[in-house]
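Before any comments, here is the structure.
Just so you know, all these numbers are worked out from the coordinates, no wet-lab data involved. None of the values given here were measured: they were computed from a predicted structure. Because the Cβ atoms are built from the backbone with ideal geometry, glycine has one as well, and the counts that use them run over all protein chains shown.
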Amino acid sequence: MKRVGIVGGLGPETCCEFLLAVNREIEQKMGCQADVVMENVAMPHNEMKKLAAGSFSTFHKDILAGAISRLHAAQVDFIVIPCNTMHIFIDDLRKISKIPIVSIIDETAKECLQQQITKVGILGSSTTIQQKLHETKLHSIGIETVIPSREDQSEMGEIIPRIIFEQNTKEDEQTIVSIIRKMKIEGADAVILGCTDLPLVINEQNSVLPIIDTR
């Protein structure tokens, strides 16, 4: 069995759910527990907020690089980073890693192709949207995208940290639902939850569009 390396801690509840999902998948297919090593990065809350808001630096990359190094020492076979925003560093991390790092961006694009989606909405942190992490990949394979307006993205930039730190409100949920509704009006076939913490508040029951979950 291959050993999975997970860079965690960038949304504690989401990382725990991701670990459980990996375990369930392995149990169903192989009848045993998954061989997993989780490297929980200790990133200060204020730095997480900066990163989500678009103010990223070598400080954030170095924290990830340290986690990758420790997973190397644990002899994992491949690495996953269940955080869309952190994929701004994936090219740099792949250069220093001898172990394959799975890309959320690539896997999400594959899922959109498999579902024959031609136009998709994207929700995510300000960094994810500003850096066009999903947009660039999706456009390269012929899929159109819909992103939030500047005002709506400003709202998302405030809401996502509240979700991560378990401070979100019902009003936050309603705001996101409203943004998704606008995306449907603009012709989106589905919406990518391009932040792995968004499924904690958005699901098929409250979204007017089918969901592409990036966890």
Positive minus negative residues near LEU198 (Lys, Arg vs Asp, Glu; Cβ under 11 Å): -3
Mind jotting down the three principal axis lengths of segment 4-104 based on Cα atoms? Whole angstrom, largest first. 44, 29, 20
Rounded to the nearest 500 deg cm²/dmol, what is the calculated helix-only ellipticity per residue at 222 nm for the chain, with -39500 (n - 2.57) per DSSP H run of length n ≥ 4? -15000 deg cm²/dmol
Between segment 127-181 and segment 71-86, what's the alpha-carbon centroid distance in Å? 24 Å
Given labels modelled 7 Å from the Cα in the Cβ direction, how far is it in nm from ARG162 to ASP213? 2.3 nm
So how far apart, in nm, are the two label points at ASN203 and THR58 if each is 7 Å from Cα heading toward Cβ? 4.4 nm
If each of SER149 and GLN115 carries a label point 7 Å out from its Cα toward its Cβ, how far apart are those two points in nm? 2.5 nm
What list do you get for VAL7, VAL76 if you sort them by fewest beta carbons within 10 Å? VAL76, VAL7
The chain: Lys pairs at Cα distance under 19 angstrom, eight or more positions apart or on different chains: 17
Sequence-separation-based contact order of the chain, relative, with Cα cut under 8 Å and 6+ spacing, percent: 22 percent
Shape of the chain from its Cα gyration tensor (a ≥ b ≥ c, root eigenvalues): rounded if a/c is under 1.5, otherwise prolate when a/b > b/c, or oblate? prolate
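Report the local net charge at MET156: Lys and Arg +1, Asp and Glu -1, summed over other residues whose C-beta lies under 14 Å from its C-beta.
Numbers: positive: LYS49, ARG150, ARG162, LYS182; negative: GLU151, ASP152, GLU155, GLU158, GLU171, ASP172, GLU173, ASP197.
With Lys, Arg at +1 and Asp, Glu at -1, the neighbours total -4.
With Cβ to Cβ distances under 12 Å as the rule, what net charge do the other residues near ASP62 carry (K, R +1; D, E -1)? Walk me through the numbers on the way to the answer.
Details: positive: LYS61; negative: GLU47, ASP92.
Taking every other residue near ASP62 into account, the sum is -1.
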Determine, for MET48, MET1, MET38, the number of other Cβ atoms within 10 Å of each Cβ, and report the residues in order from fewest to most. MET1, MET38, MET48
Here the percent of antiparallel bridges among DSSP beta bridges lying wholly in segment 4-104, to the nearest 5, is 0 percent
Residue span GLU13 to LYS170: 0.36 nm per residue of separation minus Cα-Cα distance leaves a gain in nm of 54.7 nm
For segment 105-213, just say rounded, prolate or oblate: build the C-alpha gyration tensor, square-root its eigenvalues into a ≥ b ≥ c, call rounded for a/c under 1.5, and beyond that prolate if a/b exceeds b/c, oblate if not. prolate
